[in-house]
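Inspection log for the structure reproduced underneath, given as structure tokens.
The values are calculated or read from the model by the stated rules, or taken from the named source; none is laboratory data. This structure is a prediction, so every number in the text was calculated from the model and none was measured. Methodologically, a virtual Cβ is constructed for each residue, glycine included, from the backbone with ideal geometry; neighbour enumeration extends over all protein chains shown.
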Amino acid sequence: MKKIVLSTLAALSIATVASAGDVKFYSDANGQVYTTAGEGRTEIKTPTPVFAKASKLEFSGLHYLGYTYKSTDDLKASDVTATGLTPPASDLKGTGTGKFEMRRNYVQVKAHFFDDPKSYARVTMDMTNVSGYNTVIVKYAYLYLNEVLPFTGVEFGQVHRPWIDYEEHNGWFYRSISKTMTEAGETADLSNSADLGVNFKTKTEYFTSEIGLFNGEGYHGDSTSNTGTGNSLEWRLTAAVLGGGKKHRHATKDTWLDASFWGQYNMKNGSNTDANGDTQSYKIYGLHAVYNMPSFLLSAQYIKAENDNKDTYNKNGNGYSVNGTVRLGSDNEYEVLARYDHWTAEKDNNDNLNRDNYIYGVAWAQNKNLKWLLTGQTSKNIDHGNQKGVVTQDYNAAMLTAEVKW
């Protein structure tokens, strides 16, 4: 008993002195404490105090690091004329370029509340490349209150939009190499994953949903100008056919079968203006189904977008996406993946532009913190969609990616 008391007093003394300055302590096999290093002595590590008016602080990080080699195909000016777009002044020659990339770097902190640890405030910072510069932006910054309604919590602030985050955690687990078809510029390019607003999130065993009201322009868009005069009503309704809707799922351990209906009614969007400069509304509807088991995943969806703005191909059209994963190894640590997207962009004069996107490759989960991916991508399209007539060349890309979590 005496030794325990003395040891406790010594530990408290060390912690007090260490916090007062840069002082190091060492101990030998007998438990004797020293202030200098020596043979048979090991340094005593003392914790650094962190203070917050919260019951718990939760830190995490997610990083997408990689190398991409991209080669574009030759494009003749005459090939563009039939699309109704303005052709380039001369033929565009194919090129090949390779570069190292810091695609995304998320650092996040959650401050949990004393009275309800399932309620918290969250901030997620993202260091990414914007217009050629590495820039830190706020991805999420919101208050989450648990059980404001039966089985329902609410996010308030810069929050998740209902669809993309769900798909990335249940049907497409490779955001480090490509966005979902809904967000990808190579295909639909309809929406993004975060916005200022309010999002009600319901979870039960066999049904989950998210229903919210948002600015509509997304966290990349300018929602402060007077041009954006409407909000966006957005939703996701999901039937968890095999149950498990309340739990946090793990792709290599759990089995689920989900069917979802999701959409947006984006009213008077500030980034959606016609030839007269007037803001227009658009609607998006999506159907999605996914079946996952530890060794296999298959997911498919259909999306339709209807834009009141008839002067653009942007957010106007329909398409589908299919992706699958086969997992191998004793812990399902090896993966073979493939995805195909098809999008038909439409315009009021019945002009259609078809875009096809192929993704394929392999992945290896080295441990819980690190996954390696070796993948390829083939994009077949002429118009980029949101560039209103800018000609883009078809391309092939090879990517090496490190996905780091902590």
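Output yes when any residue across the stretch 119-138 is closer than 17 Å to Lys203 by Cα and among the aliphatic types (A, V, I, L, M), and no when none is. No, because not a single residue in the stretch 119-138 is closer than 17 Å to Lys203 by Cα and among the aliphatic types (A, V, I, L, M). Scanning the stretch 99-132 for residues that are surrounded by 12 or more Cβ atoms within 10 Å (Cβ to Cβ), small (Gly, Ala, Ser) and either modelled with pLDDT under 95 or outside any loop (DSSP other than H, G, I, E, B) (or both) turns up Ala111, Ala121. A count restricted to the stretch 266-287 and to residues that are closer than 15 Å to Gly216 by Cβ and either in contact with a Gly (Cβ under 9 Å, 6 or more places away or on another chain) or not aromatic (Phe, Trp, Tyr) (or both) stands at 13. If the condition is being hydrophobic (A, V, I, L, M, F, W, C), in a strand (DSSP E or B) and under 20 Å from the mean Cα position of the chain (by Cα), then the stretch 231-260 contributes Trp235, Leu237. Of everything listed in (1) surrounded by fewer than 21 Cβ atoms within 10 Å (Cβ to Cβ); (2) within 27 Å of Arg104 (Cβ to Cβ); (3) modelled with pLDDT under 95, the single unmet condition for Gly216 is (1).
Screening Gly329 with (1) at pLDDT 95 or above; (2) over 19 Å from Ala184 (Cβ atoms); (3) touching a Ser or Thr at 6+ places or on another chain (Cβ under 9 Å) gives one miss only, at (3).
Being touching a Leu at 6+ places or on another chain (Cβ under 8 Å) and either crowded, with 19+ Cβ neighbours inside 10 Å or modelled with pLDDT of 95 or more (or both) is a description that does not apply to Gly319.
Of the candidates Asn316, Asn292, Asn307, the single residue that is under 29 Å from Lys253 (Cα atoms) and assigned by TED's automatic domain parsing to the domain that holds Leu190 is Asn292. Take the conditions touching a residue at least 24 places away in the same chain (Cβ under 8 Å) and either crowded, with 16+ Cβ neighbours inside 10 Å or within 18 Å of Glu168 (Cβ to Cβ) (or both) and apply them to Asp331. Does it pass? No.
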